[in-house]
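> I am attaching a structure below and will ask some questions about it afterwards.
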Amino acid sequence: MSKLQPVRGTHDLLPDEYRRFAHVVGAARDVARLYGYREMATPIFEFTELFARGIGETTDVVSKEMYTFKDRGDESLTLRPEYTAGICRAFISNGELTQQLPLKVFAAGPMFRYERPQKGRQRQFHQIDIEVLGAPEPGADIEVISVAADILDRLGILERCVLKINSLGDPECRAVYRKVLVDYYSGHIGKLSEDSKSRLQRNPLRILDSKDEGDKAINAGAPSFADHLNQASRDFFAAVKDGLAAAGIAFEVDPTLVRGLDYYTHTAFEFVTTHIGAQGTVLGGGRYDGLIAELGGPPTAGIGWAGGIERLMMLCNEPPAEPRPVVIAPLGAAAETKALGIARALRRQGITVEQDYRGNMKRRLQRANKINARAAIIIGDDELAKGVAQLKDFDSGDQREVALDALADALKV
RNA sequence: GCGGCCGUAGCUCAGUUGGUUAGAGCGCCAGAUUGUGAUUCUGGAUGUCGCCGGUUCAAUUCCGGUCGGCCGCCCCA
């Protein structure tokens, strides 16, 4: 069959699938608007440096998953692997945004990560994204999670998800805890899995949620982050949990929840599901108070999340049906010409009208049936002479004569 | 990046223990009195059996490679 294949890990969104895609993005956009978030977009590629500095050189995303290339001007560019760094860069690049704090934005678009594809994991995938910049208060954490919960709820996904949250503390107590953990695991290094041995250098917190049985045994005795949070971090986390409870959002505290991007502080959270295989995370994010300063901008707090559109599509309810069209089926050259004007007038009234480019009556009605039309307007020479049309209802099969100027009213739902 | 499963018509799949014309259902196309769909009936076409190479008198079937999908790990949305 030797067909042209799309690049590995990319896929086409054909109309039926795109409907679900648009449904997910539309629901997210609507809910975000209800909370006062404004939509924006940033470029699909940025200087490589932005992601390397922002996400962290040693993270998997940066060290082995980026689509990085030199352009013709010999600049190193990277297809964005996530949205947050780009939005923070836009914040720094556009001074006017610093006057609009807190800045609450919604965005959606394609992301690129060179990974081994699987269901729910493509190399080009799409995310919806929410960010709040300039709000160090726990209220922003609560709101951002609330937006997520409402979007999931509107899509019919919330009940199939669990919200897990954790605190990663501030940089000060995280550094302390990290050292405590490294010391602990170093004492058990002989029994650690190979994966975890390498994690010990890169991201020791990750060992906490290892799936390896041997690691799990060692983890049972590991010191807990909760015991090492400083007072400020403790208070912050408590405020977030209280707020979620007050808002009626169910959650579980998961001390092993650690996110893979270096910039997170304090709140980290994920909505996870068991319904789409190994790709359990449907939506995840957290607070990143140090990121903007790290990128060279004015010290500004940030919190946000990203949700995988393809994963949401796999879980969401069937989108609402599209409006059923009306088909206009003229017979003969004169009617064909006249039908163009009739169809356009009806469309101006908001009625979806399709007119085939060719075909006899049978063919046109067959196609009308195939596209799930609700009615057909049939016009031949006889009707033309009388200024009327035959209006056929496909569901009942009834057909009646309607004056041309009464068609729009007859077709209003 | 590591380990494993898989790849036959548009779709879902059967099949060839290596041997002339590779099948089914759905879908598609064409007909069943001159301007009427969906339902019914009749007929038709589906295809380099993912791609490349090897073994063989002979491969879609065996072997190797490759590309792609899927599952688990890693990682993440």
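Derivation of every value follows stated rules applied to the coordinates shown; laboratory data play no part. Treat the numbers as computed from the prediction; the structure is a model and nothing was measured. Every residue, glycine as well, gets a Cβ built from its backbone with ideal geometry; the counts of neighbours run over all protein chains shown.
> Going through the cross-link list A:Lys164/A:Lys211; A:Lys64/A:Lys164; A:Lys64/A:Lys179; A:Lys164/A:Lys216; A:Lys64/A:Lys104; A:Lys164/A:Lys197, which pairs have a Cα-Cα distance over 21 Å in this structure?
Values: A:Lys164/A:Lys211 17 Å; A:Lys64/A:Lys164 27 Å; A:Lys64/A:Lys179 26 Å; A:Lys164/A:Lys216 19 Å; A:Lys64/A:Lys104 31 Å; A:Lys164/A:Lys197 26 Å.
From the list (A:Lys164/A:Lys211; A:Lys64/A:Lys164; A:Lys64/A:Lys179; A:Lys164/A:Lys216; A:Lys64/A:Lys104; A:Lys164/A:Lys197), the Cα-Cα distance tops 21 Å for A:Lys64/A:Lys164; A:Lys64/A:Lys179; A:Lys64/A:Lys104; A:Lys164/A:Lys197.
> Helix-only mean residue ellipticity at 222 nm, chain A, DSSP H runs n ≥ 4 weighted -39,500 (n - 2.57), per residue, nearest 500. What is it?
Working: 15 runs with 158 residues, N = 413.
Taking each H run of at least 4 residues, the total per residue is -11500 deg cm²/dmol.
> Take every DSSP beta bridge with both residues inside chain A and express the antiparallel ones as a percent of the total, to the nearest 5. Intermediate values should be presented prior to the final figure.
Details: 51 of 63 bridges.
Antiparallel bridges make up about 80 percent of those DSSP assigns within chain A.
> Stick to the Cα atoms of the range A:326-411, pair each with every other, and give me the Kirkwood hydrodynamic radius in Å at one decimal. Display every interim value, and only then the final one.
Working: mean 1/r = 0.0796 Å⁻¹.
Result for the range A:326-411, one decimal place: 12.6 Å.
> Kindly rank A:393-402, A:179-188 from highest to lowest mean number of other beta carbons found within 10 Å of each residue. Intermediate results must be reported in sequence, preceding the final value.
Values: A:393-402: 11.6, A:179-188: 15.1.
Taking the mean over residues of other Cβ atoms within 10 Å, the ranking is A:179-188, A:393-402.
> I need the phi-derived Karplus couplings for the range A:383-391: 6.51 cos²θ - 1.76 cosθ + 1.60, θ = phi - 60°, integer Hz, Gly and Pro marked x.
These are the phi-based 3J(HN,Hα) values: 5, 4, 4, 8, x, 10, 9, 8, 10 Hz.
> Counting only residues 5 or more places away or on other chains, whose amide H sits under 5 Å from the amide H of A:Met111 once H atoms are built in the peptide plane?
Residues meeting the criterion, in which the H sits 1.01 Å from N, are A:Phe125, A:His126, A:Gln127.
> Roughly speaking, what is the centre-to-centre gap between the range A:210-249 and the range A:118-165 when only Cα atoms are used, to the nearest Å?
19
> Which angle from 0 to 90°, rounded to the nearest 10, does the C-alpha axis of helix A:231-247 make with the longest principal axis of chain A?
On a 0 to 90 degree scale, this one is about 30.
> With the cut-off at 1.5 for a/c, could you classify the range A:38-180 from its C-alpha gyration tensor as rounded, prolate or oblate? Don't skip to the end; give the middle numbers.
Details: a/c = 1.29, a/b = 1.24, b/c = 1.04.
Cα axes put the range A:38-180 in the rounded bin.
> Take peptides A:258-267, A:27-36, A:358-367 and line them up by average Cβ neighbours within 10 Å, highest first, as a rough protection proxy. All intermediate terms of the calculation are to be shown ahead of the outcome.
Details: A:258-267: 21.6, A:27-36: 17.9, A:358-367: 13.0.
Averaged packing, sorted descending, gives the order A:258-267, A:27-36, A:358-367.
> Got a sec to turn the phi values of the range A:16-23 into Karplus ³J(HN,Hα) couplings, 6.51 cos²θ - 1.76 cosθ + 1.60 with θ = phi - 60°, whole Hz, x for Gly and Pro?
Karplus-based 3J(HN,Hα) across the range A:16-23 equals 5, 6, 4, 4, 5, 4, 5, 5 Hz.
> Roughly how big is chain A's charge dipole about its Cα centre, with Cβ charges of +1 (Lys, Arg) and -1 (Asp, Glu), in debye to the nearest 20? Can you show the working numbers first?
Working: 53 positive and 57 negative charges, 263 e Å.
Value, rounded to 20: 1260 debye.
> Net charge within 14 Å of A:Thr42 by Cβ-Cβ distance, Lys/Arg positive one each and Asp/Glu negative one each, not counting A:Thr42 itself?
Values: positive: A:Arg38, A:Arg80, A:Arg89; negative: A:Glu39, A:Glu46, A:Glu82, A:Asp129, A:Glu131.
Once positives and negatives cancel, what remains is -2.
> For a quick check of your reading of the filter: which trypsin sites (Lys or Arg not before Pro) in the range A:59-134 sit in a DSSP loop and have no more than 11 other Cβ atoms within 10 Å? Don't skip to the answer; put the middle values down first.
Numbers: sites: A:Lys64, A:Lys70, A:Arg72, A:Arg89, A:Lys104, A:Arg113, A:Lys119, A:Arg121, A:Arg123; in loops: A:Arg72, A:Arg113, A:Lys119, A:Arg123.
The qualifying sites are A:Arg72.
> In this model, which of A:Lys119/A:Lys241; A:Lys338/A:Lys392; A:Lys392/A:Lys412 are farther than 22 Å apart at the alpha-carbon?
On the way: A:Lys119/A:Lys241 33 Å; A:Lys338/A:Lys392 18 Å; A:Lys392/A:Lys412 14 Å.
Where the Cα-Cα span goes over 22 Å, the pairs concerned are A:Lys119/A:Lys241.
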